[in-house]
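Notes to accompany the following structure.
The values are calculated or read from the model by the stated rules, or taken from the named source; none is laboratory data. Keep in mind that this is a model prediction, so the values were computed, not measured. FYI the Cβ positions are ideal-geometry reconstructions off the backbone, even for glycines, and counts take in every protein chain you see.
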Amino acid sequence: MEAYGDSDELYTIRQKFFSGQFKLVAETSLKSFSGSVAARAEEYILRSRISLGDVSGVLNYIQAEEQNGRALPAGLEAIRLYALYVRNPSKNDIHLKFEEFISRHTNDETTLVLGSIYLVKQYGNYEDALTLLSKGENSLECISVIVQIQLLRNRLDLAIKELKNSRQISQDSIIYNLSESWANSVSGSDDKLQSSFYFWEEISQSNTSVKSLVSLLIINLQMKHFPESKEIIDQIELLNGDDLNFLANEITYYVINGDNKKVEELIQRLNQLSKGQHPYIIDYKEKDAMFDEIVQKYSI
């Protein structure tokens, strides 16, 4: 599993990757890395390209490496299978190949992380994902995904327990600090919210990205800092106003401010861009259908 520390060769690319600066990571040259460090940097680069939507480019790159006689490491093969899944999530033979590969490579950190994400996205299977991630001994990224899953399950207590158990290996890593900030943001405590705010404010200034700014926006909304929230919204609009998670949180801002016309406009935009698959849209449609059913049931 990966070593973590401010002095290691991967520090800069890791900071960029986990703060959501995917374009900068994707443009990073591998020439400045060597050995196992180069292999991990390559994984960050390819995963960033997938996040940017360049799935075909990633698949072409890996295919070219294989055709040039390279024996693909487990992490690269996991990225290929995950990319194939992202490109066509309904194709059953990809599911079978990926699941069989995951079962044979539980000692590889990237396989554990991408495999667990696949299990949650495809099946909503939190338990198997957690079991898989538990095999990543001393892996902060595995711990980070565990924390996210526990928060999705409304188990803040287990998320905090996981953070406490891993504190000794964190070495002030951005991965650990990200996970802690997520837990702090849902704790309901003013002190914890303030701590999370300071973290995201620093990250959004030192490693500006849509991801870091959306996180800062969420914290500001929780703290009822509405003028500051609008400033962040304006800043994100200049970077990428079509980011799906940004749109979902922008809707929240306008709901709070009572601008129903803007809310409807943004809901339609998010629905169109996500093809109806963003969690906010799915939840909205379910509640809308439930309301219509109640109205019909009690109409005279």
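Below, the figures for the structure above:
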item: Helices (runs of 4 or more DSSP H) within segment 1-109 that include 2 or more residues at pLDDT 95 or above and more than 28 Å from Ser212 (Cα to Cα); result: 55-67, 74-87, 92-104
item: Selection from segment 217-235 of residues that are more than 18 Å from Leu178 (Cβ to Cβ) and surrounded by fewer than 21 Cβ atoms within 10 Å (Cβ to Cβ); result: Leu221, Met223, Lys224, His225, Phe226, Pro227, Glu228, Lys230, Glu231, Ile233, Asp234, Gln235
item: Every residue from segment 143-173 that is touching a residue at least 60 places away in the same chain (Cβ under 8 Å) and either in a helix (DSSP H, G or I) or not small (Gly, Ala, Ser) (or both); result: Ile169, Gln171, Asp172
item: Flag if Leu221 is in a helix (DSSP H, G or I), more than 17 Å from the chain's Cα centre (by Cα) and either in contact (Cβ under 8 Å) with a residue 24 or more places away in the chain or over 21 Å from Gly20 (Cα atoms) (or both); result: yes
item: Qualifying position, being modelled with pLDDT of 95 or more and either within 25 Å of Ala83 (Cα to Cα) or part of a loop (DSSP other than H, G, I, E, B) (or both), among Glu127, Glu137; result: Glu127
item: Which numbered condition Gln148 fails, given (1) over 23 Å from Thr252 (Cα atoms); (2) outside the structural domain of Ala248 (by TED's automatic domain parsing); result: (1)
item: One residue from Val255, Val214, Val263 being in contact with an Asp or Glu (Cβ under 9 Å, 6 or more places away or on another chain) and either among the β-branched types (Val, Ile, Thr) or surrounded by fewer than 19 Cβ atoms within 10 Å (Cβ to Cβ) (or both); result: Val214
item: Of all residues making up segment 184-210, the number that are touching an Asp or Glu at 6+ places or on another chain (Cβ under 9 Å) and not β-branched (Val, Ile, Thr); result: 4
